[in-house]
Amino acid sequence: KPLVSPGQTRQLIKTQGENNLKQRADSEITRRVNSLKELISKINSLKKLSAANKTDLVSKLQTEIDSLNSLKTKIDADTDVATLKTDVQSIIGSYRVYALFLPEIRILISADSMSTTADNLTTLVSKLQTLVNSSGATGDAKTSMQNWLTDMQAKIKDANAQYQTA
């Protein structure tokens, strides 16, 4: 005599499948939430982004975290397979963390880094200009150094325009 009936076997398989789906969904949600928390930390460390922009971005990310956590709770409580599958699919379809937020924030982080680098290079140009002026160089040597500094300033100005656009 079998230990479990065919009906019980089907129910066990169904329950195991649901549990596996819930575990995968929980893992994906946790991964996304952790990525968003990391972005919040990076946003707060940006030097050139205004406080208002930081607050706006952090608020959007926190809303996404809260929504994902609510979805996780809903998925964990789902008892209907069709609802569970729909909720799991919404992780990618409705919560577009990787498609929207990550690229946007990475662009801002890069722009902030470019701005800081441009500021550092501007300071360096000023120091180099002082050295060129006090070097005692004349003629072609001084003209060459001055041309190099002028070119450097133009490239810094272009970099500033590029990061402002970002």
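The values are calculated or read from the model by the stated rules, or taken from the named source; none is laboratory data. All values derive from a computational prediction rather than experimental measurement. Note that each Cβ is placed from the backbone with ideal geometry, even for glycine, and that neighbours are counted across all protein chains shown. Remember, those area values only see protein heavy atoms, side chains included, never the ligands or the DNA or RNA. Shrake-Rupley method; radii C 1.70, N 1.55, O 1.52, S 1.80 Å.
Would you say Asn53 is under 30 Å from Ile156 (Cα atoms) and at pLDDT 90 or above? When the stated conditions are applied, Asn53 does not pass them. Just one of the listed residues (Asn120, Asn160, Asn147) is free of Cβ contacts under 8 Å to residues at least 24 places away in the same chain, within 19 Å of Lys48 (Cα to Cα) and either open to solvent by less than 70 Å² (accessible area, probe 1.4 Å) or of a type outside the set (Gly, Ala, Ser) (or both), and it is Asn120.
Might you check whether a residue that is within 15 Å of Asp112 (Cα to Cα) and modelled with pLDDT under 90 occurs anywhere in the range 57-74? It would help to see each step written out before you state the result.
Restricting attention to the range 57-74, the residues satisfying the condition of being within 15 Å of Asp112 (Cα to Cα) are 57.
Okay, now just the ones that are also modelled with pLDDT under 90, so 57.
Yes, that holds for at least one residue.
Whenever a residue of the range 31-58 is on the phi < 0 side of the Ramachandran plot, its partners that are of a type in the set (Phe, Trp, Tyr) and part of a helix (DSSP H, G or I), lying with C-beta atoms within less than 8 angstrom and at least six residues away or across chains, give the pairs Arg32/Tyr98; Ser35/Tyr98; Leu36/Phe101; Leu39/Phe101.
Residues to consider are Lys60, Lys37, Lys54; find the one that is more than 20 Å from Ala25 (Cβ to Cβ), open to solvent by 70 Å² or more (accessible area, probe 1.4 Å) and of a type in the set (Lys, Arg). Spell out how you get there, then give the answer.
On the way: Lys37 fails: more than 20 Å from Ala25 (Cβ to Cβ); Lys54 fails: open to solvent by 70 Å² or more (accessible area, probe 1.4 Å).
The conditions single out Lys60.
Within the range 115-135, one or more residues are modelled with pLDDT of 85 or more and outside any helix (DSSP H, G or I). Hey, any hits in the range 85-98 for a residue that's open to solvent by 30 Å² or more (accessible area, probe 1.4 Å), within 30 Å of Gln164 (Cβ to Cβ) and assigned to a helix (DSSP H, G or I)? Yes; the residues of the range 85-98 include at least one that is open to solvent by 30 Å² or more (accessible area, probe 1.4 Å), within 30 Å of Gln164 (Cβ to Cβ) and assigned to a helix (DSSP H, G or I).
Assess whether Ala111 counts as being part of a helix (DSSP H, G or I) and either under 30 Å from Asp158 (Cα atoms) or touching a His at 6+ places or on another chain (Cβ under 7 Å) (or both). Spelling it out, Ala111 is indeed part of a helix (DSSP H, G or I) and either under 30 Å from Asp158 (Cα atoms) or touching a His at 6+ places or on another chain (Cβ under 7 Å) (or both).
Of Lys48, Lys22, Lys60, all but one fail to be over 17 Å from Ala99 (Cβ atoms) and in a helix (DSSP H, G or I); the exception is Lys22.
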